[in-house]
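Student: Let me give you the structure first, and then I'll get to my questions.
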Amino acid sequence: MPKRMLGPFAELQSLETVPAGSDGALLERMQLLHDVLEAAGCHCNGHRDGSERDSDWGSDISELIARCGPHDVYGLDLEGNRTVSQVSIKLDTLRVEIDADNEICAWLYEETINTRTR
């Protein structure tokens, strides 16, 4: 059976941005994402074989939620000039690719990107 996509998820629409330093709010957002995925019947990699690497998607979810806040990404443009981009994940665009066992294979989302040359 081919892989298929789930999302975007209604429960993740119209969420306010979590202010930096709001650890409690970040944990609540992480729990919300976990609950949404679980309700959709998603499983972590290895679930079918009984060898789950991260049964609650803890590392993936914490990384996604942390990256929802604006953060700097450094790079070079085509002319070799240094750039800095302020990037943030749009959680309301989150989709997951799942396999025949409903194990998440990929996380897909849009980002807001504002780039400036240094």
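Every read-out reported here was derived from the displayed coordinates using simple, explicitly stated rules and does not represent laboratory data. Remember, it's a predicted structure, so these values are computed and weren't measured experimentally. Ideal geometry is used to build each Cβ from the backbone, glycine not excepted, and the neighbour counts take in all protein chains shown.
Student: What distance in nm separates the simple spin-label points at residue 81 and residue 10, each placed 7 Å from Cα in the Cβ direction?
Tutor: 4.7 nm
Student: Okay, moving on. Expressed as a rounded percentage, what relative contact order does the chain have, with Cα pairs under 8 Å and six or more residues apart? The partial results should precede the final answer.
Tutor: Values: 183 pairs, mean separation 37.5, N = 118.
32 percent.
Student: Enumerate the calculated ³J(HN,Hα) couplings along the stretch 3-10 in order (Karplus 6.51 cos²θ - 1.76 cosθ + 1.60, θ = phi - 60°), each rounded to whole Hz, writing x wherever the residue is Gly or Pro.
Tutor: 5, 9, 9, 10, x, x, 9, 4
Student: Turning to a different aspect of this structure: Can you give the extra length, in nm with one decimal, that the chain gains between residue 39 and residue 95 once fully stretched, where that is 0.36 nm per residue apart less the Cα-Cα distance?
Tutor: Details: separation 56, 0.36 × 56 = 20.16 nm, distance 1.42 nm.
Between residue 39 and residue 95, full extension yields 18.7 nm more.
Student: Whose amide H sits under 5 Å from the amide H of residue 9, counting only residues 5 or more places off or on another chain, with H placed in the peptide plane?
Tutor: Under 5 Å from the amide H of residue 9: 94.
Student: At q = 0.12 Å⁻¹, what is the base-10 log of I(q)/I(0) for the chain according to the Debye formula with one equal point scatterer per Cα and no solvent? Please give it to two decimals.
Tutor: Log-scaled intensity ratios, in q order: -0.52.
Student: Grab the Cα-Cα distance for residue 62 and residue 118, subtract it from 0.36 nm times how many residues apart they are, and report the gain in nm with one decimal.
Tutor: Details: separation 56, 0.36 × 56 = 20.16 nm, distance 3.01 nm.
Residue separation times 0.36 nm, minus the Cα-Cα distance, leaves 17.2 nm.
Student: Further question on the same structure: From the phi angles alone, apply the Karplus equation (6.51, -1.76, 1.60; θ = phi - 60°) to the stretch 75-81 and give each ³J(HN,Hα) in whole Hz, x where the residue is Gly or Pro.
Tutor: x, 10, 8, 5, 8, x, 6
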